[in-house]
Structures are given as structure tokens and as C-alpha cells.
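A short write-up of the structure that comes next.
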Amino acid sequence: MSPRTLYEKIWDRHVISAARLPVPLLYIDRHFIHEATSPQAFAGLKAADRKVRRPDLTFAVMDHSVPTKDRRNAVITGNRAKLFDALDRNCRETGVRLFDMNSKNQGIVHIIGPEMGITQPGQTIVCGDSHTSTHGAMGALAFGIGTSEVETVLATQCLPQYTSKTMLVRIEGKRTRGITAKDLMLAVIEKLGFSGGTGHVIEYGGEAVRALSIEERMTLCSMSIECGARAGMVSPDETTFRYLEGRPFVPRGNDFEAAVKIWRSYASEPGATYDSTIELNAAEVAPKVTWGTNPGMVANINAAVPDPSSYANEEERESVIRALDYMDLNPGTRIVDIPIDRVFIGSCSNGQIEDLRAAAAVLAGKKISKSLKQALVVPASTQTKLQAEAEGLDRIFVEAGFEWRDSGCSMCIAMNEDVLPPGERCASTSNRNFEGRQGKGGRTHLVSPAMAAAAAIAGKFVDVRDMQIAGVV
């Protein structure tokens with residue numbers, strides 16, 4: 001048999017009767033749901049008098065629109081209250097496990113799966129959210145689905161699905177000081193373009209990727225969607241197994257060793273072929289800042305906003321003109337001369353414990369700029385929040401001038417009170433900078449947690465490599 005990729009192995013072990021069906025049917029190992037997209041799916045089930053086929057394989061969480069400030073005393077009304085009530089009721093009626101907003105295991109849906117060991121190598125995973133690809137860091141095939149597909153999976157634990165093309169993103173070399181997984185991923189998107197991954201499942205490999213922690217790999221996989229990919233994946237290895245050992249849903253003792261043997265078999269084999277391959281050198285990557293309205297509109301910190309006339313393609317020129325108009329930026333403006341109004345540190349891409357540690361290291365002993373209107377830290381999960389507090393990171397943030405919040409999606413998607421006002425700029429560790437993503441008329445600049453912290457201190461974008469960072473020589 002020819003050497004196979006991680007994607008091919010997972011697909012082959014989960015596809016059902018492909019030859020007899022017009023569209024291959026894929027068995028789904030784990031189904032995650034949340035309050036924003038599940039009510040319609042449950043309503044469809046009830047209308048058809050169907051039951052949830054495998055409630056034990058479905059996991060629900062409240063995350064998209066939960067309050068992050070004084071949650072236990074917050075008064076939630078209107079449509080948000082209806083969404084929470086519907087999820088609670090639907091889970092009670094069907095036996096689906098729910099991590100509600102006050103659960104010790106509450107958090108962003110893409111984070112709590114790996115955190116609790118629900119997500120494991122070789123699995124197929126879906127959720128009604130595009131950033132489901134985050135789970136791919138564990139060696140799983142994970143992707144977002146629509147509301148009607150959520151209903152299909154609830155009813156059948158299967159999903160009609162065509163195969164995808166495969167792409168290998170090989171990142172070799174060693175990162176230099178101050179360069180994070182976020183910078184690597186923005187460099188990938190810069191090279192591929194906003195839609196360069198369309199139709200593909202991306203696997204990340206190479207020396208630089210192998211050196212990444214699981215949390216950092218989750219950043220890569222989460223943002224795979226931002227270049228149009230269907231999913232992002234990293235083959236399971238010793239880093240994966242160390243991360244999983246001892247987590248609540250992971251086997252223990254001899255059963256764990258047996259599981260590792262199976263998980264190891266999913267890794268892509270030497271000589272496996274991909275439909276396309278791109279390569280980057282991590283040593284050449286600089287801190288990145290987006291200047292436009294998609295993640296592909298990105299530049300090095302020491303660069304300038306581009307001139308639309310520098311683009312040969314007319315469609316690209318028009319897109320850049322529209323983006324600069326929305327962002328209120330002039331061609332040639334140096335990135336380090338762009339002031340900011342707010343800072344947001346959080347999201348499924350950059351709200352984990354390592355992200356908070358990196359930002360806190362920059363902020364230790366310093367104060368944020370008096371020009372800032374707000375600086376928020378929103379941990380990706382309640383467990384992350386508790387761990388950060390045990391390490392004293394919350395005190396560093398608060399003493400610097402940040403607001404320390406409860407976990408949730410928060411300003412990444414602006415479905416709660418955490419909204420970027422019109423016309424204001426935000427240095428954001430989230431994953432999207434589309435028009436209105438963080439609030440109608442808001443202007444989002446994507447950066448790493450360390451770069452966001454540095455920008456908070458300066459009141460504008462600066463090169464974090466020039467700053468004194470606690471614990472770093």
C-alpha cells in the first residue's frame with residue numbers, strides 16, 4: 001500500500017458505503033454544539049419526531065454570547081436569554097451533556113474538547129462553527145457545518161461529505177525571539193492568500209511545527225479557515241500524547257498505552273503525497289499585523305500599508321482600496337505609526353494559558369497607555385482562567401490596567417456586551433478582521449498576544465522584539 005496521509009487514514013476509517021451513495025457518508029465521532037446555532041437543529045428534530053441518535057457523543061456548551069463580566073450576577077434578557085434557555089431545555093430533554101455558563105468546564109467550544117480530552121487523534125469532529133478546525137491540532141479531522149447539517153448529525157451521527165484535496169504546509173527552521181504561532185499562521189495566509197486553501201484540508205509539518213506546543217498548534221489549525229481551507233491538522237506525536245495523558249475523557253493506565261498505539265498509527269507516513277505543498281522558513285518570519293479587512297491583508301511590523309497601485313490585478317486593487325477606506329488608512333503609513341483605541345486578548349485562536357503567559361510576560365511591571373479606552377483579557381475557558389489565577393497572571397493584567405474577565409467568545413464575535421465601537425481600532429488576538437466582525441464599523445488589527453500587550457503599553461503598534469520581557473534574556 002502506498003504511504004498515506006493523516007487525512008486519508010481518518011477518512012478511510014470513517015467513510016460508510018461510499019460506492020452505494022451519490023455522496024459519501026462519513027461517521028462522526030464527536031459532535032459539539034453551542035447556543036448560537038443549535039436551536040433550529042433541535043426544532044427540526046422535534047418537527048420530524050426524531051431523537052438524538054448518540055447523545056453520549058454530543059457535547060454542548062454556552063460560549064458565543066455569554067457575559068464575561070460578573071457572570072453569576074449578570075441579568076440576561078432578550079434573544080440571548082432565549083438561546084440559553086433553548087440549549088438548556090434541549091439538552092435536558094435529549095440527554096446531551098451540557099457545560100453551561102457556570103460550569104467549571106465552560107469555555108469556548110473548540111477549546112474545551114481538547115482541554116478535557118474529549119478530542120482525540122483519529123477522530124472525526126464537527127460543530128456548527130467554522131473554527132471547529134481548532135481540534136485538528138490533536139490529529140483529528142474537524143470542520144464546521146451548517147445548521148441543517150447539525151440536525152443531520154444529531155439524528156444520524158453521520159454526515160454526507162465529499163473528499164477534500166490535501167495540502168502540506170511545511171514550516172522548517174527555528175523561530176526567533178518574539179515570533180509566535182500566530183505570526184507563523186499569518187505568514188502562511190500572507191503567502192497563500194485569503195482563499196488559497198479553498199477546497200483543501202491543510203496538514204502542518206516541519207521542524208517548526210513539531211516544536212510547537214498543542215496550544216500553539218491549535219492556533220494554526222483554528223486559523224486554517226482564514227485562508228479558505230476546510231480544516232487544519234497536525235499529525236499526532238509525543239507532544240500530543242503528553243498533552244492528553246490524565247485528562248478526564250482519556251483512558252488511564254494500560255488503556256492509555258493501548259490508545260497511544262492506535263493514535264500513533266494515524267500519523268502521516270514518509271513519502272505520502274499531497275495535492276499541493278508550500279514551504280516557509282520560520283527563521284524569516286517577523287511579527288505580523290493585519291492592516292485590511294481579511295487576514296491575508298497583513299504586513300511585518302517594520303513595513304508600511306501598501307499602495308493599491310502596487311497590485312497588478314484589478315480585482316485586488318479594488319479590494320485593497322475598499323479595505324483602506326474602511327480601515328481609514330493611507331498607503332505608505334508605517335505600521336508602527338498606527339494608533340489603537342482598544343486591546344482584546346482572547347478567542348479560540350489565542351486565549352489559552354500559553355497565550356496569557358506570553359502577554360503577561362510583556363506587561364509585567366508596566367502600565368498600559370493612558371490613550372487606551374479599554375483593554376480586555378478573556379480566557380478561552382474557565383479552567384484556563386483558574387490556572388492563570390493560580391499563576392498570578394490575573395494580577396499582572398489588572399495591575400497593568402487590563403480588565404480580567406470570565407471565559408467566552410467575547411469581542412472576537414461581539415455577540416455579548418463586549419463590542420468594538422464604530423470607528424475605533426482594536427489590537428486583537430482573535431482570528432478574523434472582517435468588516436464589523438468585532439462590532440459594526442469597528443476596525444480590527446490581528447496580532448499575537450505578545451504584540452497585543454506591547455501595543456497596549458505603547459498605545460500603538462510596536463515591535464515586541466524591542467521590548468524588555470520578563471524572564472526573557
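The values are calculated or read from the model by the stated rules, or taken from the named source; none is laboratory data. All values derive from a computational prediction rather than experimental measurement. Cβ atoms come from the backbone with ideal geometry, glycine included; neighbour counts cover every protein chain shown. Surface accessibility is based on the protein's heavy atoms, side chains included, excluding ligands, DNA and RNA. Shrake-Rupley method; radii C 1.70, N 1.55, O 1.52, S 1.80 Å.
Every residue in the range 136-170 that is part of a helix (DSSP H, G or I) and open to solvent by less than 10 Å² (accessible area, probe 1.4 Å), please.
Taking the range 136-170 first, the residues part of a helix (DSSP H, G or I) are 136-138, 147-156.
Within the range 136-170, Gly136, Ala137, Met138, Val150, Val153, Leu154 qualify.
Sort out for me the helices (runs of 4 or more DSSP H) sitting completely within the range 201-263 that have 1 or more residues that are over 21 Å from Val109 (Cα atoms) and touching a residue at least 60 places away in the same chain (Cβ under 8 Å).
Details: elements: 207-210, 214-222, 238-244.
Of the helices (runs of 4 or more DSSP H) lying wholly inside the range 201-263, those with at least 1 residues that are over 21 Å from Val109 (Cα atoms) and touching a residue at least 60 places away in the same chain (Cβ under 8 Å) span 207-210.
Does Leu372 fit the bill of being within 16 Å of Thr444 (Cα to Cα), part of a loop (DSSP other than H, G, I, E, B) and touching a residue at least 24 places away in the same chain (Cβ under 8 Å)?
Working: within 16 Å of Thr444 (Cα to Cα): yes; part of a loop (DSSP other than H, G, I, E, B): yes; touching a residue at least 24 places away in the same chain (Cβ under 8 Å): yes.
In short, yes.
Search the range 324-358 for residues being open to solvent by 40 Å² or more (accessible area, probe 1.4 Å) and assigned to a strand (DSSP E or B), and hand back the single one that is farthest from Tyr243 (Cα to Cα).
Among those that are open to solvent by 40 Å² or more (accessible area, probe 1.4 Å) and assigned to a strand (DSSP E or B), it is Arg334.
Between Pro55, Pro67, which is in contact (Cβ under 8 Å) with a residue 40 or more places away in the chain and open to solvent by less than 30 Å² (accessible area, probe 1.4 Å)? Talk me through it step by step, then tell me what you get.
Working: Pro55 fails: open to solvent by less than 30 Å² (accessible area, probe 1.4 Å).
Answer to the selection: Pro67.
For the structure I just gave you, tell me whether Asp70 is under 22 Å from Gly439 (Cβ atoms) and either modelled with pLDDT under 95 or in contact with a Pro (Cβ under 7 Å, 6 or more places away or on another chain) (or both).
Working: under 22 Å from Gly439 (Cβ atoms): yes; either modelled with pLDDT under 95 or in contact with a Pro (Cβ under 7 Å, 6 or more places away or on another chain) (or both): yes.
Taking the combined requirement at face value, the residue satisfies it.
Mind listing just one residue for me: the one in the range 420-433 that is open to solvent by 10 Å² or more (accessible area, probe 1.4 Å) and over 20 Å from Leu220 (Cβ atoms) and, of those, nearest to the chain's Cα centre (by Cα)? Give the steps one after another, and end with the answer.
Here is the first cut: in the range 420-433, the ones open to solvent by 10 Å² or more (accessible area, probe 1.4 Å) are 421-425, 432.
Pick out the ones that are also over 20 Å from Leu220 (Cβ atoms) and you get 421-425.
Numbers: Pro421: 23, Pro422: 25, Gly423: 25, Glu424: 23, Arg425: 21 Å.
Only one residue tops the list, namely Arg425.
In the list Asp49, Asp63, which residue meets the criterion of being assigned to a loop (DSSP other than H, G, I, E, B), closer than 29 Å to Trp404 by Cβ and at pLDDT 95 or above?
Being assigned to a loop (DSSP other than H, G, I, E, B), closer than 29 Å to Trp404 by Cβ and at pLDDT 95 or above holds for just one of Asp49, Asp63, which is Asp63.
Just name the residue that is surrounded by the fewest Cβ atoms within 10 Å (Cβ to Cβ) out of those in the range 375-405 that are outside any helix (DSSP H, G or I) and under 20 Å from the mean Cα position of the chain (by Cα).
Let us first name the residues in the range 375-405 that are outside any helix (DSSP H, G or I), namely 375-381, 391-392, 401-405.
Checking which are under 20 Å from the mean Cα position of the chain (by Cα) leaves us with 376-381, 405.
Working: Leu376: 21, Val377: 32, Val378: 28, Pro379: 31, Ala380: 32, Ser381: 29, Arg405: 23.
So, considering only residues that are outside any helix (DSSP H, G or I) and under 20 Å from the mean Cα position of the chain (by Cα), the one surrounded by the fewest Cβ atoms within 10 Å (Cβ to Cβ) is Leu376.
In the range 117-133, is there at least one residue being crowded, with 24+ Cβ neighbours inside 10 Å, in a helix (DSSP H, G or I), out of contact with any Pro (no Cβ under 7 Å at 6 or more places or on another chain) and not small (Gly, Ala, Ser)?
Within the range 117-133 (the criterion being crowded, with 24+ Cβ neighbours inside 10 Å, in a helix (DSSP H, G or I), out of contact with any Pro (no Cβ under 7 Å at 6 or more places or on another chain) and not small (Gly, Ala, Ser)), the answer is yes, since at least one residue qualifies.
Every residue in the range 266-310 that is under 30 Å from Asp12 (Cβ atoms), outside any strand (DSSP E or B) and either open to solvent by 40 Å² or more (accessible area, probe 1.4 Å) or among the basic types (Lys, Arg) (or both), please.
Restricting attention to the range 266-310, the residues satisfying the condition of being under 30 Å from Asp12 (Cβ atoms) are 266-280.
Filter again for outside any strand (DSSP E or B), leaving 266-275.
Within the range 266-310, Glu269, Pro270, Gly271, Thr273, Tyr274, Asp275 qualify.
Yes or no: the range 71-83 includes at least one residue that is aliphatic (A, V, I, L, M) and assigned to a helix (DSSP H, G or I). First the steps, then the outcome.
Within the range 71-83, the first condition is being aliphatic (A, V, I, L, M), and the residues that meet it are 74-76, 81, 83.
Still in the list and also assigned to a helix (DSSP H, G or I): 81, 83.
Yes, because at least one residue in the range 71-83 is aliphatic (A, V, I, L, M) and assigned to a helix (DSSP H, G or I).
Going by the conditions given, is Lys9 open to solvent by 60 Å² or more (accessible area, probe 1.4 Å) and not polar (S, T, N, Q)? Break it down stepwise before answering.
Working: open to solvent by 60 Å² or more (accessible area, probe 1.4 Å): no; not polar (S, T, N, Q): yes.
For Lys9, the condition - open to solvent by 60 Å² or more (accessible area, probe 1.4 Å) and not polar (S, T, N, Q) - is not met.
Of these, Ala359, Ala282, Ala267, which one is aliphatic (A, V, I, L, M) and within 20 Å of Arg432 (Cβ to Cβ)? So that I can check it myself, show each step before the final result.
Values: Ala282 fails: within 20 Å of Arg432 (Cβ to Cβ); Ala267 fails: within 20 Å of Arg432 (Cβ to Cβ).
Only one candidate qualifies: Ala359.
Looking at the structure I just gave you, is Arg97 over 15 Å from the mean Cα position of the chain (by Cα), among the basic types (Lys, Arg) and over 27 Å from Tyr162 (Cα atoms)?
Numbers: over 15 Å from the mean Cα position of the chain (by Cα): yes; among the basic types (Lys, Arg): yes; over 27 Å from Tyr162 (Cα atoms): yes.
Answer is yes for this residue.
Do the conditions hold for Arg175, that is, is it in contact with a helix residue (DSSP H, G or I) (Cβ under 6 Å, 6 or more places away or on another chain), open to solvent by 30 Å² or more (accessible area, probe 1.4 Å), basic (Lys, Arg) and at pLDDT 95 or above? Steps first, please.
Details: in contact with a helix residue (DSSP H, G or I) (Cβ under 6 Å, 6 or more places away or on another chain): yes; open to solvent by 30 Å² or more (accessible area, probe 1.4 Å): yes; basic (Lys, Arg): yes; at pLDDT 95 or above: yes.
It is true that Arg175 is in contact with a helix residue (DSSP H, G or I) (Cβ under 6 Å, 6 or more places away or on another chain), open to solvent by 30 Å² or more (accessible area, probe 1.4 Å), basic (Lys, Arg) and at pLDDT 95 or above.
Quick test of your reading of the structure: Gly253 fulfils all but one of (1) open to solvent by less than 60 Å² (accessible area, probe 1.4 Å); (2) closer than 19 Å to Leu446 by Cα. Name the failing condition by number.
(2)
What tally of residues in the range 171-188 results from selecting those that are over 21 Å from Asp355 (Cβ atoms) and either under 19 Å from the mean Cα position of the chain (by Cα) or in a loop (DSSP other than H, G, I, E, B) (or both)? Outline the logic, then answer.
Taking the range 171-188 and keeping what is over 21 Å from Asp355 (Cβ atoms), we get 172-173.
From what is left, the residues that are either under 19 Å from the mean Cα position of the chain (by Cα) or in a loop (DSSP other than H, G, I, E, B) (or both) are 173.
Result for the range 171-188: 1.
Of everything in the range 434-465 that's assigned to a strand (DSSP E or B) and basic (Lys, Arg), which residue is surrounded by the fewest Cβ atoms within 10 Å (Cβ to Cβ)? Before the answer, list the steps.
At the first step, the residues of the range 434-465 found to be assigned to a strand (DSSP E or B) are 443-446, 460.
Add one more test, that the residue is basic (Lys, Arg), and what stays is 443, 460.
Details: Arg443: 26, Lys460: 17.
Checked the range 434-465; the qualifying residue surrounded by the fewest Cβ atoms within 10 Å (Cβ to Cβ) is Lys460.
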